[in-house]
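The next block holds one structure in the form of structure tokens; read it before the comments.
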Ligand SMILES: [Zn+2]
Ligand SMILES: [Zn+2]
Ligand SMILES: [Zn+2]
């Protein structure tokens, strides 16, 4: 299913697989418009599970990371062309930020599908991170504010990103014997006390588009650059398979392509979405 004209979600089906299939096809179509001569790469596909009080998941969403790169050489920005391709395919596009170092972020939405569009500094790489709505096989629940991959930080351990007390699910009590013994409900219904209703663990967590860690500078090099990749996209495909020391692989990678001492370096920086630790990888790209 690779046509943009179809119904995004087959509502007669359970939704999950048809929505995920539609999204992946739509993203690959859009990326192929931007990068017609050499197709885009599906860097990684995965899912986020959603839970309530029970550790057993009650629902999940599918996510895709699609990458486009231009032979690892500095080139003109493809960010505007990417946003145009989304608009022409019927998506609502909102540019979020452009950094003076050359990074750019935007959000594209189509019904309940959302895509984070990102271009790294040095225009070596454009990435599309797309996700479906959360699908619940059995329950009828609303959409959580965040799942692990879409949070601009680490999900609150207490409410798992919902932002409300999970015992009462944030509902007010009508009779005294219905009262939840959480602080939130004693003080009135609603918010998770641990995260003040934000769904994120740290109140200091900034929105995802605001760079949390510098891409440049002396602070960058923790290890010697690795070799073995010809393009920034190939290096990203490698990085996306690696896990943090905490075991989590989810990470909103930002990147810069830069010359240094006659070498072409692709740097990747991100905050782990499991433990918030800063992760970095640097690669020397092979010159042709
Ligand atoms: Zn919370
Ligand atoms: Zn409660
Ligand atoms: Zn981690």
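Listed by first and then second residue, the pairs with beta-carbon distance under 7 Å, at least 6 apart or on different chains, first residue in the stretch 43-71 and free of Cβ contacts under 8 Å to residues at least 12 places away in the same chain, second crowded, with 21+ Cβ neighbours inside 10 Å and part of a strand (DSSP E or B), are 57/50. Here residue 93 fits the description: modelled with pLDDT of 95 or more, over 18 Å from residue 43 (Cβ atoms) and touching a strand residue (DSSP E or B) at 6+ places or on another chain (Cβ under 7 Å). The condition of being part of a strand (DSSP E or B) and either under 23 Å from residue 64 (Cβ atoms) or within 16 Å of ligand 2 (Cβ to nearest atom) (or both) holds for only one of 249, 268, that being 268.
For (1) surrounded by fewer than 20 Cβ atoms within 10 Å (Cβ to Cβ); (2) in a strand (DSSP E or B), each residue gets a yes or a no:
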{"site": "39", "(1), (2)": "yes, no"}
{"site": "86", "(1), (2)": "no, no"}
{"site": "95", "(1), (2)": "yes, yes"}
{"site": "102", "(1), (2)": "yes, no"}
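Among the residues that make up the stretch 230-239, is at least one of them at pLDDT 75 or above, buried (at least 16 other Cβ atoms within 10 Å of the Cβ) and within 16 Å of ligand 3 (Cβ to nearest atom)? Scanning the stretch 230-239 turns up at least one residue that is at pLDDT 75 or above, buried (at least 16 other Cβ atoms within 10 Å of the Cβ) and within 16 Å of ligand 3 (Cβ to nearest atom).
If I ask for residues that are crowded, with 23+ Cβ neighbours inside 10 Å and touching a helix residue (DSSP H, G or I) at 6+ places or on another chain (Cβ under 9 Å), which ones from the stretch 132-149 would you list? Answer for the stretch 132-149, where residues must be crowded, with 23+ Cβ neighbours inside 10 Å and touching a helix residue (DSSP H, G or I) at 6+ places or on another chain (Cβ under 9 Å): just 132.
The values are calculated or read from the model by the stated rules, or taken from the named source; none is laboratory data. Note that this is a predicted model, so its numbers are computed, not measured. All Cβ positions, even for glycine, are placed from backbone atoms using ideal geometry, and neighbour counts span all protein chains on display.
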